1. State all residues of the range B:183-225 that are at the interface with another protein chain (Cβ under 10 Å from one of its Cβ atoms) and of a type in the set (D, E); if no residue qualifies, say none.
2. Determine if the range B:53-72 includes at least one residue that is within 14 Å of chain A (Cβ to nearest Cβ) and out of contact with any Leu (no Cβ under 6 Å at 6 or more places or on another chain).
3. I'm checking my understanding of the structure. Among residues of the range B:430-456 that are within 8 Å of ligand 1 (Cβ to nearest atom) and touching a Phe, Trp or Tyr at 6+ places or on another chain (Cβ under 9 Å), which one is farthest from B:R298 (Cα to Cα)?
4. Which residues, counting only those in the range B:457-486, are more than 21 Å from B:G377 (Cβ to Cβ) and either within 11 Å of ligand 1 (Cβ to nearest atom) or of a type outside the set (A, V, I, L, M, F, W, C) (or both)?
5. Which members of the range A:43-91 meet the condition of being in a loop (DSSP other than H, G, I, E, B), within 14 Å of chain B (Cβ to nearest Cβ) and β-branched (V, I, T)?
6. Give the range B:109-145 a look and list any residue that's at the interface with chain A (Cβ under 10 Å from one of its Cβ atoms) and assigned to a helix (DSSP H, G or I), or say none.
7. Could you list all residues from the range B:146-158 that are within 14 Å of chain A (Cβ to nearest Cβ) and surrounded by fewer than 24 Cβ atoms within 10 Å (Cβ to Cβ)?
8. Among the residues of the range B:533-571, write down those that are among the β-branched types (V, I, T), in contact with a strand residue (DSSP E or B) (Cβ under 9 Å, 6 or more places away or on another chain) and buried (at least 17 other Cβ atoms within 10 Å of the Cβ).
Amino acid sequence: MKRIITLTVQDRSGVLNRVTGLLQRRQFNITSISVGPTETEGVSKMTLVVDVEDDQRLEQVTKQLNKQIDVLKVSDITDKAIVARELALIKVTSGSQLRSEINGLIDPFRAIIVDVCKESITVQVTGKPEKVDALIDLLRPFGIKEIARTGLTAFLRGHQPQVNELVTYSLLK
Amino acid sequence: MKVEAKLEFQTSTAPKTGADLLIDLLIKEGVETIFGYPGGAVLPIYDAIYRAKDRIGHILFRHEQGMIHAAEGYARITGNPGVVLATSGPGATNLVTGITDAMMDSLPLVVFTGQVARSVIGTDAFQEADVMAITTPITKHNYQVQSISDLPRIVKEAFHIASTGRPGPVLVDLPKDITSGAISGIVEEAAIDLPGYQPTFKPNPLQIKKLADSLAKAQKPVILSGAGVLHAKASEELTAFAEKHNIPVVTTLLGLGTFPADSPLSLGMGGMHGTYAANMALYESDLLINFGARFDDRLTGNLKHFAPFAKVAHIDIDPAEIGKNVPTQIPIVADAKVALVELLNHTKNSPKADEWLEKLVKYKQEFPLWYKHDPNGMCPQWLVEAVHKVTNGKAIVSTDVGQHQMWAAQFYTFNEPHRWITSGGLGTMGFGFPAAIGAQIAAPESTVVAIVGDAGFQMTLQELSVIYERNLPVKIIIVNNGALGMVRQWQELLYDNRISESLLNSQPDFVKLAESYGIRGMKIDNQEDLIASLPELFAHNGPVLVDCRVLQQEKVFPMMPPGAGLHEMIGVKPI
Ligand SMILES: Cc1ncc(C[n+]2csc(CCOP(=O)(O)OP(=O)(O)O)c2C)c(N)n1
Ligand SMILES: [Mg+2]
């Protein structure tokens, strides 16, 4: 199962290594990872999408991450109300005659064209990974030269519904 | 033997370099002895040690692996971090086995490694190794110092992290320009800044109540006591708790001594070479209370058959250990001592377990540990018993890894904690002898015995120089079976007697070897000579090496074969 796990970490050298090394050693597959600074200086946030077999393994990885000295907080936000976004740049083969067709196609995705040259254009799209996947599928027939994706970043929405509460991995239930 | 240690902080001489500051910080942490080996990248530190030689001790080992195992032995006996200092590159990589060993067995170490200057890090400079990357998975935490002004905080944090919560090794990598750098102005005292590190000490009262209720209802309770009880210094409380409610106790390999072996409630060691009674108690129990053991596979055997009828309570300071291998109904994240005090206060009703206790007594009587005397030679088990006798069971015993380790665990019964040093999690050959040196440094007045195999001893025997030089009266008992005995045993039992590369057809003359280091040595190959010589050898005021020729064919029994459950031991009765 895919889980979205966010980590707040102290922005010290080696912390990314520590996290990815740990996941590798305990045999967890990382689908994507994104890292960046937060509102607090010296604190970064990582968003991991991981593939986990079952709840017990998930609990184990959460606890192992929590044990790292530089990790301040670990949350599995998969089942919460979240905002989750990814940005992708897609370079599509395109002579001038196809441009308007592509324009019409990407418009509903609220994607934009950010670079144009003779043989290709570059589309920028933001959204959930499924939306990005869908757009890539639609663009494929034109000939995709290159794709770069940031990986998912996510956090909790301002308002959380009462019922669908987060599964806590605390032992102190 | 006295390790010089004067702790007064000389404020008159302000530190001159980063290295002087480092030494001052170590003295402030109460460090008495550095286990070290010099080299290019740590020359500034050795210069500072030279200047501070009246204020801090240093012991020069002969190999970095030997010195880090010695630091582990020291940490095991004192509970304080062992402090290790090695140079960059090969010095640091020689420490890797010891760091991993300490990580697996939760021993507090603070390891300082030299590093090339910051300006050349990443250029494959002479004796550069990426120690941070190498040690990230084998340390509790590691640091590379990037500025002299960070040094006070990092040193303080390193000692704090190593010795609190679940202890472990912390490494501090010191670029040469940091340690040789001149200090301008006053370096500020630093405070620990670790918002992401707050070990839980106090148990959740609801879980304590749950355990108390379960205990009152249990009919077949058993306690499993592990090394967490040692770290928490909670043996007394554990004993009081077991005695208050008449709960039988199994200890892990590392937990030997946490509960007195001569108590009627003691079932001995559990696991692969544990006693029948201990393993059957774990197997049949309906309430298993684990204090500070991590349900290692050598203890549990096949998890499918582990404690199948039991409700499991697990008290551990490391939440990640709870539920890792064994589903746990009563998880208690806490320091073992704090949890035991709570339990002593909050448990009233004892389980009704008379039948259970009777049954276990029968198991003990019917299936005791056994071996057969052989008139033609010396049995290794008998040898361990003889060492027990001559030391009144009061020695600090350090072992290497192999058959002799298991025989020592089985036959040198411990009634007190902090007397037993062995490499459990990593099973590191070469550990036993240097660890004994560290123990002797920690406890100069105690009798320290290194019970080692003929093969493992040869992995770190160069430290004989150290015990000679410092006149450390370590008594070395080589259980010499001319074999990688444990490997030979597995090949005999599990590989149809195909003895592949596990016999040592050539060996040094261990007596001459000892003598060449200036140490008294003796070879003994029969029981009479051993009985006659041992008291005098142990009375000798200095190191002694005894090359004890034992029967090669002896095997460690009983045994839970790999893949089997605790109830499926073989060799439970004399064969
Ligand atoms: C560094 C290391 N290498 C290999 C092993 C595998 N091993 C475990 S026990 C053993 C044999 C040890 O022989 P010896 O020291 O003579 O002890 P004995 O079993 O004969 O008592 C070996 C090779 C190990 N544990 N550690
Ligand atoms: Mg041997």
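1. Residue satisfying the conditions is B:D193 alone.
2. Looking only at the range B:53-72, we keep the residues that are within 14 Å of chain A (Cβ to nearest Cβ), and these are none.
No: zero hits.
3. Looking only at the range B:430-456, we keep the residues that are within 8 Å of ligand 1 (Cβ to nearest atom), and these are B:430, B:452-456.
Retained after the next criterion (residues that are touching a Phe, Trp or Tyr at 6+ places or on another chain (Cβ under 9 Å)): B:430, B:452, B:454, B:456.
Values: B:G430: 20, B:V452: 21, B:D454: 23, B:G456: 20 Å.
Only one residue fits best here, namely B:D454.
4. Restricting attention to the range B:457-486, the residues satisfying the condition of being more than 21 Å from B:G377 (Cβ to Cβ) are B:458-475.
The answer is B:Q458, B:M459, B:T460, B:Q462, B:E463, B:S465, B:Y468, B:E469, B:R470, B:N471, B:P473, B:K475.
5. Within the range A:43-91, the subset in a loop (DSSP other than H, G, I, E, B) is A:52-54, A:68-70, A:77-81.
Remaining after also requiring within 14 Å of chain B (Cβ to nearest Cβ): A:54, A:68-70.
Selection gives A:I69 alone.
6. Passing the criteria: B:M132, B:A133, B:T136, B:P137.
7. Of all residues in the range B:146-158, those within 14 Å of chain A (Cβ to nearest Cβ) come to B:146-147, B:150, B:153-154, B:156-158.
B:Q146, B:S147, B:D150, B:R153, B:I154, B:K156, B:E157 - these are the residues of the range B:146-158 that are within 14 Å of chain A (Cβ to nearest Cβ) and surrounded by fewer than 24 Cβ atoms within 10 Å (Cβ to Cβ).
8. Once the filter is applied, which keeps residues that are among the β-branched types (V, I, T), in contact with a strand residue (DSSP E or B) (Cβ under 9 Å, 6 or more places away or on another chain) and buried (at least 17 other Cβ atoms within 10 Å of the Cβ), the range B:533-571 yields B:V544, B:V546, B:V550.
Computed from the coordinates by the stated procedures, all read-outs in this text should not be read as laboratory data. Keep in mind that this is a model prediction, so the values were computed, not measured. For neighbour counting, all protein chains shown are included, and Cβ atoms are generated from backbone atoms with ideal geometry for every residue, glycine included.
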